[in-house]
Amino acid sequence: MPLLIDSTSKDLSPWIEGIKKELNGSDRIFTWGELENPEEITTAIVWNHRPELFSRLPNVRLVCSLGAGVDHIMRDPLLPPDVLVSRVVSPYLSGPMSNFCLGAILYYQRKFDQYLIDKKNKEWHQEFNPERNFTIGIMGLGELGTDLAQKLLPLGFDVYGWSQSRKHVEGVTSYVADELELFLSSINVLVCLLPATPGTKGILSRPLFSKMNRGSYLINVARGHHQVNEDILEALKDGTLAGAFLDVFPEEPLPADSPMWEHPDVFITPHIAVVTKREAAIPQIVANHFRVIAGEEPENKVDRKKGY
Ligand code: NAP
């Protein structure tokens, strides 16, 4: 049963090479342009696939994301309702993501933002309290959020999590969906690691900021879908937020005329918090292809009802 790989935004050549190697001759992989018998395809491997893809794959049973997120798949109205969807879960994703978040948290906690300004002004401020007192809140205590929480604890941070269902992560206070206010009132650094679903669209906006402690920090490493740029700028202006460390934006690349570029309290990275490692993803994808052919469930299966 051959596989199809499709993306409108990724260079697929190294992926195809890696998948062929992993298949070791036991199956063939096609791109859209090479597809002669679309009815043969049971597994589609995608990242921002072309909109008409599923109209041409009548027998697809498994759709594999090339990364951790599946919003690019779930938003497709042509996605067949009973098709299985899998994503990548790996320490090769959670490790670099946690390192990125730790870097952002420590940057603010050790006041590096302030020392950059001091350097520009040639000012020497030797403080006797050189650390900010931080309590970290992680929105989305899933694969990535839990890894970050577990790495923050040994560094001495108090850690709170917010998720749909109550979590039992040693040392972490877990709040659920209707306890958002309590969660926000307990923290002064908010890290967003939520999936992009209709329920999380625009969540990082004025109503949420109005429940945060004054002078809090925001780190968004999930999706631009979650954030309202204008509300972040407003929250920085009125002092609700002291800084925003943003890896993702509603429009990417961030347009050159966005006021975010000029804002001194916005730190911008170009959606690179973590990039999927092919060595981690390919064995999972190929194994799931054969699992589904054998009538088994794929690993790291997405809950179609929840949308992540
Ligand atoms: P995950 O394991 O599915 O975890 C998602 C967490 O969010 C779960 O704890 C879930 O709660 C919670 N959640 C979902 N909807 C919620 C809601 N409406 N209210 C409260 N909590 C909610 O996902 P993951 O592997 O940690 O990845 C998270 C996201 O990171 C991905 O979806 C992707 O968009 C993003 N990401 C970004 C980058 C980057 O480079 N910037 C890289 C990789 C991933 P329950 O467990 O109770 O259901």
For segment 170-201, which residues satisfy the criterion of being touching a strand residue (DSSP E or B) at 6+ places or on another chain (Cβ under 7 Å), among the hydrophobic types (A, V, I, L, M, F, W, C) and within 12 Å of the ligand (Cβ to nearest atom)?
V172, V176, L180, F183, V191, C192, L193, L194
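Out of the residues in segment 243-293 that are of a type in the set (G, A, S) and farther than 23 Å from V191 by Cβ, which is surrounded by the fewest Cβ atoms within 10 Å (Cβ to Cβ)? Write out each step before concluding.
Restricting attention to segment 243-293, the residues satisfying the condition of being of a type in the set (G, A, S) are 243-244, 256, 258, 273, 280-281, 287.
Right, trim to farther than 23 Å from V191 by Cβ and you get 256, 281, 287.
Numbers: A256: 6, A281: 25, A287: 15.
Restricting to residues being of a type in the set (G, A, S) and farther than 23 Å from V191 by Cβ, the top hit is A256.
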Within segment 294-303, identify whether any single residue is touching a residue at least 60 places away in the same chain (Cβ under 8 Å), out of contact with any His (no Cβ under 9 Å at 6 or more places or on another chain), away from the ligand (no atom under 16 Å from the Cβ) and part of a helix (DSSP H, G or I), and answer yes or no.
no
Taking I282, is it within 10 Å of the ligand (Cβ to nearest atom), in contact (Cβ under 8 Å) with a residue 24 or more places away in the chain, out of contact with any Phe, Trp or Tyr (no Cβ under 7 Å at 6 or more places or on another chain) and among the hydrophobic types (A, V, I, L, M, F, W, C)?
no
Hey, P259 under 29 Å from F112 (Cα atoms) and either without any contact (Cβ under 8 Å) to a residue 60 or more places away in the chain or touching a helix residue (DSSP H, G or I) at 6+ places or on another chain (Cβ under 7 Å) (or both) or not:
yes
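Residues are listed down the side, and each one gets a yes or a no for (1) within 29 Å of V302 (Cβ to Cβ); (2) more than 16 Å from the ligand (Cβ to nearest atom); (3) touching a Phe, Trp or Tyr at 6+ places or on another chain (Cβ under 7 Å):
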| site | (1), (2), (3) |
| --- | --- |
| S94 | yes, no, no |
| Q109 | no, yes, yes |
| F112 | no, yes, no |
| K119 | no, yes, no |
| E123 | no, yes, no |
| Q126 | no, yes, no |
| R132 | no, yes, yes |
| M139 | yes, no, yes |
| T146 | yes, no, no |
Would you mind stating whether S13 is without any contact (Cβ under 8 Å) to a residue 40 or more places away in the chain and polar (S, T, N, Q)?
yes
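Does L62 satisfy the condition of being farther than 19 Å from R291 by Cβ, away from the ligand (no atom under 16 Å from the Cβ) and at pLDDT 95 or above? Walk me through how you get there before you give the answer.
Working: farther than 19 Å from R291 by Cβ: no; away from the ligand (no atom under 16 Å from the Cβ): yes; at pLDDT 95 or above: yes.
It is false that L62 is farther than 19 Å from R291 by Cβ, away from the ligand (no atom under 16 Å from the Cβ) and at pLDDT 95 or above.
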Picking from L204, L184, L218, which residue would you name as being touching a Lys or Arg at 6+ places or on another chain (Cβ under 7 Å), under 30 Å from K305 (Cα atoms) and surrounded by 15 or more Cβ atoms within 10 Å (Cβ to Cβ)?
L184
Looking at K10 and the list (1) assigned to a loop (DSSP other than H, G, I, E, B); (2) crowded, with 19+ Cβ neighbours inside 10 Å; (3) touching a strand residue (DSSP E or B) at 6+ places or on another chain (Cβ under 6 Å), which single condition is not satisfied?
(2)
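The values are calculated or read from the model by the stated rules, or taken from the named source; none is laboratory data. Quantities reported herein were computed from a predicted structural model and do not represent experimental measurements. Because the Cβ atoms are built from the backbone with ideal geometry, glycine has one as well, and the counts that use them run over all protein chains shown.
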